[in-house]
Every structure is written in structure tokens, then in C-alpha cells.
Amino acid sequence: MRQSLLRHFRTLHSLAPANNDHLSALRVAVSVAVPSLVLLVVGRPELIIYAVFGALTGMYGRSEPHQLRLRHQAQAALVLLTGVGVGVFLSVNHLHSWWLVGVEALLAGVGSVFSDRVNFKPNGPFFGILALGACASVPTAVPWPFALLICAAAAGLSLAVGFGGWVRGRAWNPGALRVAAPLRGPRRQLAVIHAARYVLAVGAAGTIGVLSGSGHPHWAMAAAAVPLAGADLPSSVHRGLHRIMGTFLGLVLVAVVLLPGPWALLQLFPGAEAAVMAVLVIIFQFTTELFMTRHYGVAMVSFTPVILLMTQLAAPADPYILITERGAETLVGAVTGILVIVLVRRHRRNTSRSAAANPGDPGGQHPKITETTV
């Protein structure tokens, strides 16, 4: 028992070996930087939120051959555009609170099935529902087609950057195929259970957020999806704890930037404060991707400022409330996600046994559906 606890403790704090992470981080940083700086130059920093979510397309398929990365990222762009589009629709029509909870929980389940079907890496609907909640929570400052156009343009740039290396070698490997096992038999049952867990966790966390009077229940919903990325109970708990610890440390960085202090001098120069926040979003997104596959908690230290700073650019709010609600909603969401993992674990294991007992079924070749979502 003691050795098991020590092993879990070491795993919780261990840093995975590097694997050319700087290349993927650079691709994502370029994809975020170009549209963000363009919007900053034209005086529309509040629209950077749409560009960033489109640019997150570059986080997919980081280690794949170029043609597979292109296909993978095109599928990811579709998910992100859907999330932004639904979020903008809710924002424009002032559909908040319970509407947001219901729609986001439903799309979390749909996104889970789609992710399992196409074998996303990173897997799961996390970024899609994050985009949905974030865009729904801020006023749409431009006609909705322009918001989608900004997101689509950033996603298109990410596709070009991700495929750009092919131009140098122009080596096409027609035999390279990503494994995307059909959802049949026991595998379909696992996918349905997996999706149900997303709906339950995201819906429950959002419900708690709304009932508590939080202005950002979507943060709890996004955090609730994180533990579901674990392949087993220990890894699910680790991811939940990483989310909490990384977010709390990231909030310290946010406080340094947003709370009154030396940075307040920037208010004397029109546009300087927005410019600093936009540049920090680019820098923090680079460091997020740099550690995303090595240590989720460290990545969250950077990703937390990305989300809060671009939210502040889109809809300025009291930084004290913003930081407090982010911390509280993350704690509620992560704990809710872990509880759902524990409650549904037995049923999932029984289904896995059924898959293992039917090796002749095509779905039995993949009895365990795992995720590597942020």
C-alpha cells in the first residue's frame, strides 16, 4: 500500500521526457500570434478570443506525418468552429445560465462520441466545449459571421503552418493511416458510456455553478471534463489534481497582471494594457503547448492566464471576482469529474470485460477507450 502511494505521488509530480515539444509549441504560437497581432494593430483586441480558439487547431496531430496532421487538424477545426459558433449563437440571443448548461452538456456527449470515432489526439471534446462556454459568456462585439470568420481564418492558418513542413520534403506517405476503429459492438457501448459520463459530469458541474450564482459556470463544466481524460482511476485523479494545482498557480500570474500594481501605469497609455495582455496570451500559449504532453499541471499554470486574459480583453470585469470565480469553479468542476469517474467506474469495467470476452467482435479489438485531453 505504501509503495503504491509513493508510486502515485511520484507520477503526480514527474515530468515526462521531451519529444521535440518546442516544434509543436512554436507552430501553435505562430498560429496564435499572427491573427492576434493583426487584431491588435487594427484596434480590436476584444476579438482575439475567437482567433485563439481557431488557432488551437494547431494543438492536434503534433507528432503525425503531414498528411495525417492535415486531416486530423481539419477535423479539430470543425469541432472548434462548432464550439465557437454555438457559443456565439447563445451570446447573441442572450441564452445564458441553464441554456448554457444544457447545450454544453449535450455537445460534450456528442463531442465525446465524435472524438472516439475519429481517434483525436488529444482526445475528447474539451477544447470544443471550452470554446463554446467562453464565447457564450462574453458579448459578441461584431456581427456573428465576422466572429466565425476570424475563428475560421485562424484555424486555416494553423492548418497551413502544420502542413508547411511538407513543402520542404514533399514526401507523401499514402500508406499512413490513423487508427479509427468503427464504433460497433462493445466498443459502441463503451463510447456511449463514455459520452454519458461527459454529459453527467459537465451538466452536474454547470448546475452547481449556476445555483451558486457564479458568472462563469462554463469554467466548472470545462474542469469537470478533465478527469475523464484519464485511462484509469489513478490517472483521472492525477489529472483532476493537476487541473486544480496548475490553475491556482496560474491565478497567481493572472493576479500579477490584472490586480492594481506597477502594471496600473499602463493605463496612462491608450492601448498599452491591451497590447501587453495580447502579447502575454501569445507567450503563455507557447509555454502551455511546450509542457502539455510532459506535465498537465505545469501546462495549466500557463493556460490559465491565456483563458483569463483573453476573456478580460473580450469583456473587462473586476479582476478580483474573475480570479475568485476561476479558482472556485475549477475546484468544483475537477472534483465533480473525479466523482463521476468513481461512480461510473464499475459499469465501465463490466463493459470492458464483455468486450474482452468477445474477441471475434470488431469492437473487441479496442475494449478500452482512453483520452489524452487537456
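The values are calculated or read from the model by the stated rules, or taken from the named source; none is laboratory data. Just so you know, these numbers come straight off a predicted model, no measurement behind them. Using ideal geometry, Cβ is built from the backbone for each residue, glycine included, and neighbour counts are taken over all protein chains shown.
Quickly run through the range 200-241 and pick out the residues that are in a loop (DSSP other than H, G, I, E, B), surrounded by 21 or more Cβ atoms within 10 Å (Cβ to Cβ) and aliphatic (A, V, I, L, M).
Val226
Can you report the number of residues in the range 86-108 which are under 13 Å from Leu148 (Cα atoms) and touching a Leu at 6+ places or on another chain (Cβ under 6 Å)?
Total satisfying the criteria: 2.
Can you name the condition, by its number, that Phe146 falls short on among (1) part of a helix (DSSP H, G or I); (2) under 21 Å from Val199 (Cβ atoms)?
(2)
Here are some residues: Val28, Val41. Which one is of a type in the set (Val, Ile, Thr), more than 30 Å from Leu211 (Cβ to Cβ) and in contact with an Asp or Glu (Cβ under 8 Å, 6 or more places away or on another chain)?
After applying the criteria, what remains is Val28.
In the range 40-57, what residues are charged (D, E, K, R) and assigned to a loop (DSSP other than H, G, I, E, B)?
Result: Arg44, single match.
Got a number for residues in the range 41-65 being surrounded by 21 or more Cβ atoms within 10 Å (Cβ to Cβ) and more than 18 Å from the chain's Cα centre (by Cα)?
Matching residues across the range 41-65 total 2.
Would you mind stating whether Gly111 is under 15 Å from the mean Cα position of the chain (by Cα) and under 17 Å from Gln285 (Cβ atoms)?
no
Only one of (1) closer than 21 Å to Lys121 by Cα; (2) surrounded by fewer than 24 Cβ atoms within 10 Å (Cβ to Cβ); (3) in contact (Cβ under 8 Å) with a residue 60 or more places away in the chain fails for Arg197. Which number is that?
In the conditions (1) closer than 21 Å to Lys121 by Cα; (2) surrounded by fewer than 24 Cβ atoms within 10 Å (Cβ to Cβ); (3) in contact (Cβ under 8 Å) with a residue 60 or more places away in the chain, Arg197 misses (2) alone.
Rundown of residues vs (1) at pLDDT 95 or above; (2) among the charged types (D, E, K, R), yes/no style:
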| site | (1), (2) |
| --- | --- |
| Thr293 | no, no |
| Leu308 | yes, no |
| Ala315 | no, no |
| Ala328 | yes, no |
| Leu331 | yes, no |
| Arg345 | no, yes |
| Arg349 | no, yes |
| Ala357 | no, no |
| Glu371 | no, yes |
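Condition check: crowded, with 16+ Cβ neighbours inside 10 Å and touching a residue at least 12 places away in the same chain (Cβ under 8 Å). Does Ala108 satisfy that?
For Ala108, the condition - crowded, with 16+ Cβ neighbours inside 10 Å and touching a residue at least 12 places away in the same chain (Cβ under 8 Å) - is met.
Could you tell me whether the range 272-283 includes any residue that is of a type in the set (D, E, K, R) and touching an Asp or Glu at 6+ places or on another chain (Cβ under 8 Å)?
No.
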